[in-house]
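Asker: Before I ask anything, let me first share the structure, which is written out below as structure tokens.
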Amino acid sequence: MSADTWDLVASSIGPLLSGAVRGTIPLTLISFVIGLVLALVVALARLSRRRVVSGAARVYISLIRGTPLLVQLFIIFYALPSLGLVIDPFPSAVVAFSLNVGGYAAETIRAAILSVPKGQWEAAATIGLNHTLTLRRVVLPQAVRVAVPPLSNTFISLVKDTSLASTIMVTELLRKAQEIAAPTYEFMTLYSLAAVIYWLICLVLSTLQSRLERRLDRFVAH
Amino acid sequence: MTTSDATTPTDTRPLVEVHGLHKSFGGLHVLRGIDLGVDRGSVTVLIGPSGSGKTTLLRCLNSLEVPEAGTVRVDDVAIDFTRRPAAGDLRRLRATSGMVFQSHQLFPHRTALQNVTEGPLYAQRRPAAEVRAEATALLAKVGLADKADAYPHELSGGQQQRVGIARALALRPRLLLFDEPTSALDPETVGEVLAVMRDLAAEGWTMVVVTHEIRFARQVADHVVFMDGGVVVEEGRPDDVLGDPRHERTRRFLQRILDPL
């Protein structure tokens, strides 16, 4: 590689990292947290005995999983304004990604809740815990252990999916790379650099995931 | 005495009364008109072949199973299951008893002590200091004072089951229900669990026990109920039912479990 290329790397690394720190990372974190809360609600709705409630949850999950994330993003940012609802780029992306995580993680959480043996619900009932306390104190803590590996996958996918936000003018990592690359035509350098930064973020997350899994396994026999 | 006999000294009725209980699972008619009485401070042992309905009967006493017909009364809580029972009534019935499960069903993510304090702290909302002290004493009572901070998977089967007993006692129940508490245990740990149960009986706890431990029934029970095919075939004092059964079905059952070969 030429000296010019190295200069370009040196001068773009700052803006790219700033795109990651101010765009990609907050977008991921905010969307994931909102998405998880939504997913828990949807999972519980899906498990509800009331047909209307579980049916609504089923439709929501089906819509989210059956349509492209990019299309969901476009509908929120480009189509909703025609209904008079104008949302800025960043919040639009948060809404789209939260709804998306909500749909996927809901199935994960539902399966994790169902993996807790029926006897645990019964034991909780016999010591007097009501439904909410049973979920909070007995079932969810055990479901978490089952849900963490698949939810980590969702999280890591989300980091990369946030690059789609570049299409609705959110200044995140990929968008920064595009902006720097366009006038210089150094696409290979800039996109590779962006890829490396995505990869490093995911490496950190994978490490955190293994640590969390080990921590959650401490009360389980091996 | 930790039981609540003192609360209603004038009440001479049995603590538990069951009349005309019916329960089906799908097309399977598991309980076909059960009547049962359990005196205060007595130990009732339910025996019978698997599928006879004894566990289902036990689970109707705390409404883990909701019968289709019949009445269940435990102390001052009575439910007529001919009508659809209110959720509050089921909760009040359940609160009268503590239960020990065949497969212990301890909470795996909580220590032995936390398993015992869970109900009193979070369901009964009693003061933490008092609950902790009582739970510690209960673990000592079942011989596990040194295991308070152990997680269930770090305990042997017999120890897990003894924590399960302490967890039930911590609720200060009026009735103790045991669902085959030793069936899932290694033979060498059965004794330690039965010994704890024998001590509880001697303290005057009212207990209903589903078990195949005929020797335990003989030594500890005040009343033995033999069930088969969803009905009570025969009941009475252990010496009579176990020693000199009147019914052929009881005789054959006892023969099979006392001399399996």
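Asker: Can you pull out the chymotrypsin sites (Phe, Trp or Tyr not before Pro) in region A:124-197 whose DSSP state is coil and whose Cβ has at most 12 other Cβ atoms within 10 Å?
Answerer: Working: sites: A:Phe155, A:Tyr185, A:Phe187, A:Tyr191; in loops: A:Tyr185.
Listed in order of number, the matching sites are A:Tyr185.
Asker: Relative to the isolated chain, which residues of region B:105-152 have their accessible area cut by 10 Å² or more in the presence of all protein chains (1.4 Å probe, heavy atoms, no ligands or nucleic acids)?
Answerer: When all protein chains are present, B:Gln105, B:Phe107, B:Pro108, B:His109, B:Arg110, B:Glu118, B:Gly119, B:Tyr122, B:Ala123, B:Tyr151 each give up 10 Å² or more of accessible surface.
Asker: I would also like to ask the following. Round to a whole number: what % of the accessible area of region A:1-97 belongs to carbon and sulfur, probe 1.4 Å?
Answerer: The nonpolar share, carbon plus sulfur, comes to 70 percent.
Asker: Something else about it: Once you put a point 7 Å from the Cα of A:Ile87 and another 7 Å from the Cα of A:Arg49, both along the Cβ direction, what distance in nm separates them?
Answerer: Rounded to a tenth, the inter-label distance reads 3.5 nm.
Asker: Across chain A, how large is the tail of the calculated P(r) beyond 24 Å, expressed as a percent of all Cα pairs? Before the final figure, lay out the partial values.
Answerer: Details: 13194 of 24531 pairs.
It works out to 54 percent of all Cα pairs.
Asker: Using only protein heavy atoms and a 1.4 angstrom probe, determine the accessible area buried between B and A, summed over both sides, in Å² to the nearest 100.
Answerer: Buried area between the two chains comes out at roughly 1900 Å².
Asker: Other chains' Cβ within 10 Å of A:130-138 residues: what's the mean?
Answerer: Values: counts 4, 0, 0, 3, 2, 0, 1, 8, 7.
Across the residues of A:130-138, the mean count of other-chain Cβ atoms within 10 Å is 3.
Asker: Taking trypsin sites (Lys or Arg not before Pro) that fall in a DSSP loop and have at most 14 other Cβ atoms within 10 Å as cut points, what is the longest piece of chain B between them?
Answerer: For trypsin sites (Lys or Arg not before Pro) (loop position, at most 14 other Cβ atoms within 10 Å), the longest site-free span of chain B is B:126-245.
Asker: Roll a 1.4 angstrom probe over the protein heavy atoms and tell me the percent of accessible area of region B:114-261 that is carbon or sulfur.
Answerer: Carbon plus sulfur share of accessible area: 46 percent.
Asker: Cα atoms only: what Rg and Dmax, in Å, come out for chain B?
Answerer: 18.1, 55
Asker: If I take R0 = 60 Å and measure r between the Cβ atoms of A:Val33 and B:Asp259 in this structure, what FRET efficiency does the formula 1/(1 + (r/R0)^6) give, to the nearest 0.05?
Answerer: That gives a FRET efficiency of 0.40.
Asker: Gaussian network model of chain A, Cα springs within a sub-10 Å range: biggest mean-square fluctuation belongs to which of A:Gly35, A:Gly23, A:Gly128?
Answerer: Per the Cα network of chain A with a 10 Å cutoff, A:Gly128 tops the list.
Asker: Can I ask one more? Per residue, how much space in cubic angstrom lies within the convex hull of the C-alpha atoms of the protein assembly as shown?
Answerer: Enclosed volume per residue, from the Cα hull, is 209 Å³.
Asker: Could you give the nm distance between label points at B:Arg251 and B:Asp89, where each point is 7 Å from its Cα heading toward the beta carbon?
Answerer: Going by the 7 Å Cα→Cβ label model, 4.3 nm.
Asker: If you don't mind, another one. By how many nm would the segment from A:Arg136 to A:Ile25 grow when fully extended, if each residue of separation counts as 0.36 nm and the alpha-carbon distance is taken off? Don't jump to the answer; show the numbers that get you there.
Answerer: Numbers: separation 111, 0.36 × 111 = 39.96 nm, distance 2.91 nm.
Fully extending the segment from A:Arg136 to A:Ile25 adds 37.1 nm.
Asker: Could you state the accessible area per residue of region B:101-204 in Å², with a 1.4 Å probe and every protein chain left in place?
Answerer: Computed with neighbouring chains in place, this is 39 Å² per residue.
Asker: Here's a follow-up. So for the protein assembly as shown: antiparallel DSSP bridges make up what percent, rounded to the nearest 5?
Answerer: Close to 60 percent.
The values are calculated or read from the model by the stated rules, or taken from the named source; none is laboratory data. Keep in mind that this is a model prediction, so the values were computed, not measured. With ideal geometry, Cβ positions are generated from the backbone for all residues, glycine too; neighbour counts draw on all protein chains shown. Remember, those area values only see protein heavy atoms, side chains included, never the ligands or the DNA or RNA. Shrake-Rupley method; radii C 1.70, N 1.55, O 1.52, S 1.80 Å.
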